[in-house]
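Engineer: Take this structure, written in structure tokens, and hold onto it; I'll ask about it next.
The values are calculated or read from the model by the stated rules, or taken from the named source; none is laboratory data. None of these values were measured; they are calculated from a predicted model. Cβ atoms come from the backbone with ideal geometry, glycine included; neighbour counts cover every protein chain shown. Surface accessibility is based on the protein's heavy atoms, side chains included, excluding ligands, DNA and RNA. Shrake-Rupley method; radii C 1.70, N 1.55, O 1.52, S 1.80 Å.
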Amino acid sequence: MYRSRTVTAAMAVAVAAAAVWAGGTAIAGPAEPPPVATLGAAVAAGPATGLAAKQALADKTTDHDEPADHEWKNSHVADVTLAGGKARSRSAGITVSGSTITVTSPGTYRFTGSLADGRIVVNTSRPGIVRLILNGVTIASSTSAPVAVTAADEVMVVLAAGTTNRLSDASAHTVPVDPSAALSSVADLTISGTGTLAVTGNAADGIASDGGLVIDSGTITVTAADDGVRGQDYVVQNCGTLTVTAGGDAVKADNEDDPGLGYTYLGDGTANLTATGDGITATTDAIIAGGRLTVRTGGGSGTPPGSGSAQAVKADTDIVISGGRLDLDSSDDAVNSNADLIVDGGRITAATGDDAMKADGTVTVAGGTISITRSYEGLEGLKVEVTGGNITIEASDDAVNAVEEGVPETEIAPNAVIRISGGTLVANGGTDGLDSNGLLAVSGGVVIAGGASTLFDGGEAGIDTSGALELTGGVLAAVGLHASANILPPTGMGWVSYDLSSVQPAGTVLHLADSTGAQLAAFRSDRDIRSIVLAADPIIRNQQYQIHLGGTVSGTALGGGLYAGGTLSGTLVATVTAGAQGPGGPGGPGGPGGTPPPSGTPLPPTSTPIPPSSTTPAAD
């Protein structure tokens, strides 16, 4: 069971003009004639972003950490000295049996020294917090966990300033503890202080709690045979530096019984996670509000996905990212939610051997910066909603994909939708730039969609939808071997479509100008292209536009090689009429304008081409 969350952001409207290419045939679509002075990038802001994580956390059970837990009197601290295989203390709350020290009462205990083969055990049924101050402690155990909480109300491990503390267990526990970890607790556990803690879990986990786990501060390094850091109810990192190397998952919350628990939260601090399995995994939500997160899973994006899960961030319900900086390198999906994925802030860089950001429900991007440098598919969900943010995607298949489970790709998926109403999206796919098995709607923002430059099955395009195609606002530039796999809509904002006589190389510069020679836009492609569609409100249906090839780009950069306004250059190669389909148009299934003609059937020309010159596109 999960709660679906919707993040709203005001529609970002871009009234920038856009660009076109060289050497073949062309077209464009409707809009009320604006004055030339309105041509330029006008981006409307929405409500403040970065609030989704706060709301998601508020929906969860509050963690156990209280300000009063961090306050105690030095006069009430009981000292415990460790030396070789022995320990000594005058506290009534401490019992010593050989090299095992047992804390039997709540209170604050300061440990100093080392045990070559020993243990600290917390076992108290009395209410109250137990604080373990590690003041330069090294403890190894050949039989069990060097620190084990077997019974307590709540435990805090305090890392004394300026100290380094080390805990390690054997590869097998002859004295079992549950959970199986080098630092093991059945109770809620907090780690604080400004010192350093190094934990080696040779048997199983590094740090594990059967309750909740909160990291408030400190420099913590965990190496574990299985999971690095696990809190059954939650793992919360408010600050500090956490470095994990795990044979299983790096950070895990796995309460499956309570929808208010089983979550992970990164509010601030630094987390450097390397795992054979998942980086962060939660049975409910994974929430990121700030901090610096670096994750490498399954050997990284250059390693083919294996049979086991090796995702950078994974949640059985929602994933919410409102801030921080994320650097994700995974063989499996970078971000994967079994429910909804919400991004309304932060800076995300992802490289993956599989999908980059995927949800079974809705992927919503309302803010932040997303750079997907390598992926099979970039953004994928039943619904993909982009209302803000700055997104760049490189994908070997579809850059953005809306797909409905159980509906064949040959049929229209009634619930699948890609809807873009704001932000900037540069989507370069090895198959399609934007691919919806249902509706594809652009009503705002700036969208540059790049499809395949090489023919595979004839259906590749910058934009490809099995259902309706709606272009009502913003700016759209679609390019590829085919710019669009669909007939372009007869209503909505104006559009121009132009097909080149041959594939043009990456670096080609094209310009779109009105009939007086005033440049609306320029475009420099970063891939081989043959076809272009440009849609924007300033393009007026049935009016004539000039297409120039070569020269340099200028004007206001909108992203993805697209510029608004600027100075016209290059060689005039064609004049085109806005809103009419020309020869060599759509290369895929029909959209809301009808069904494309059979392969090889020409459409009436709507442009007057000028013979191409030998001009080579110039670099700016």
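Engineer: Need a quick list: strands (runs of 3 or more DSSP E) entirely within region 415-488 having at least 1 residues that are out of contact with any helix residue (DSSP H, G or I) (no Cβ under 7 Å at 6 or more places or on another chain) and surrounded by fewer than 23 Cβ atoms within 10 Å (Cβ to Cβ).
Structural biologist: Here the list reads 417-429, 439-450, 469-480.
Engineer: A further question on this structure: Does residue 138 count as assigned to a strand (DSSP E or B) and farther than 21 Å from residue 74 by Cα?
Structural biologist: yes
Engineer: Further question on the same structure: For region 534-547, does any single residue satisfy the condition of being modelled with pLDDT under 95, of a type in the set (D, E, K, R), over 16 Å from residue 562 (Cβ atoms) and open to solvent by 40 Å² or more (accessible area, probe 1.4 Å)?
Structural biologist: The answer is yes, given that some residue of region 534-547 is modelled with pLDDT under 95, of a type in the set (D, E, K, R), over 16 Å from residue 562 (Cβ atoms) and open to solvent by 40 Å² or more (accessible area, probe 1.4 Å).
Engineer: If I ask for residues that are within 19 Å of residue 399 (Cβ to Cβ) and open to solvent by less than 10 Å² (accessible area, probe 1.4 Å), which ones from region 338-354 would you list?
Structural biologist: Answer for region 338-354, where residues must be within 19 Å of residue 399 (Cβ to Cβ) and open to solvent by less than 10 Å² (accessible area, probe 1.4 Å): 341, 343, 348, 350, 352.
Engineer: Sticking with this one: Check whether at least one residue in region 110-133 is open to solvent by 40 Å² or more (accessible area, probe 1.4 Å), over 45 Å from the mean Cα position of the chain (by Cα), under 20 Å from residue 193 (Cβ atoms) and touching a residue at least 24 places away in the same chain (Cβ under 8 Å), and report yes or no.
Structural biologist: No, every residue in region 110-133 fails to be open to solvent by 40 Å² or more (accessible area, probe 1.4 Å), over 45 Å from the mean Cα position of the chain (by Cα), under 20 Å from residue 193 (Cβ atoms) and touching a residue at least 24 places away in the same chain (Cβ under 8 Å).
Engineer: Pairs, please: C-beta under 6 Å, at least 6 apart or cross-chain, first residue touching a residue at least 60 places away in the same chain (Cβ under 8 Å) and in region 300-314, second open to solvent by less than 50 Å² (accessible area, probe 1.4 Å) and of a type outside the set (D, E, K, R)?
Structural biologist: 301/351; 301/352; 301/353
Engineer: Test each condition in (1) within 22 Å of residue 237 (Cβ to Cβ); (2) over 12 Å from the mean Cα position of the chain (by Cα) for residue 361 and report the one that comes out false.
Structural biologist: (1)
Engineer: Using the structure shown, decide if residue 140 is modelled with pLDDT of 95 or more and in contact with a Phe, Trp or Tyr (Cβ under 8 Å, 6 or more places away or on another chain).
Structural biologist: no
Engineer: Look through region 144-172, keep the residues that are of a type outside the set (A, V, I, L, M) and either modelled with pLDDT under 95 or assigned to a strand (DSSP E or B) (or both), and return whichever of them is nearest to residue 69 (Cα to Cα).
Structural biologist: By that ranking, first place goes to 154.
Engineer: Scan region 282-290 and tell me whether some residue there is of a type outside the set (Lys, Arg), open to solvent by 20 Å² or more (accessible area, probe 1.4 Å) and within 16 Å of the chain's Cα centre (by Cα).
Structural biologist: yes
Engineer: Out of all the residues in region 219-229, which are surrounded by fewer than 24 Cβ atoms within 10 Å (Cβ to Cβ) and either under 16 Å from residue 155 (Cβ atoms) or among the charged types (D, E, K, R) (or both)? Working first, answer last.
Structural biologist: Taking region 219-229 first, the residues surrounded by fewer than 24 Cβ atoms within 10 Å (Cβ to Cβ) are 219, 221, 223, 225-226.
226, the sole residue that qualifies.
Engineer: Based on this model, can you work out whether residue 178 counts as charged (D, E, K, R) and either modelled with pLDDT of 95 or more or over 22 Å from residue 248 (Cα atoms) (or both)?
Structural biologist: No; evaluated as a whole, the condition is false for this residue.
Engineer: Give the residues of region 359-393 that are in a strand (DSSP E or B) and surrounded by fewer than 20 Cβ atoms within 10 Å (Cβ to Cβ), sorted by residue number.
Structural biologist: 369, 371, 373, 374, 390, listed by residue number.
Engineer: I've got another one for you. Give the residues of region 31-83 that are at pLDDT below 90, of a type in the set (Val, Ile, Thr) and not in a loop (DSSP other than H, G, I, E, B), sorted by residue number.
Structural biologist: Within region 31-83, 36, 38 meet the criteria.
Engineer: Which one of these is modelled with pLDDT of 95 or more and under 12 Å from the mean Cα position of the chain (by Cα): 404, 385, 380?
Structural biologist: Values: 404 fails: under 12 Å from the mean Cα position of the chain (by Cα); 385 fails: under 12 Å from the mean Cα position of the chain (by Cα).
Exactly one residue qualifies, and that residue is 380.
Engineer: Can you say whether residue 553 is in contact (Cβ under 8 Å) with a residue 24 or more places away in the chain, crowded, with 20+ Cβ neighbours inside 10 Å and part of a strand (DSSP E or B), as far as the supplied structure shows?
Structural biologist: No: the conditions fail for residue 553.
Engineer: Within region 176-208, track down each residue that is within 19 Å of residue 124 (Cβ to Cβ) and either more than 30 Å from the chain's Cα centre (by Cα) or open to solvent by 20 Å² or more (accessible area, probe 1.4 Å) (or both).
Structural biologist: Across region 176-208, the qualifying residues are 177, 178, 179, 183, 184, 185, 186, 187, 188.
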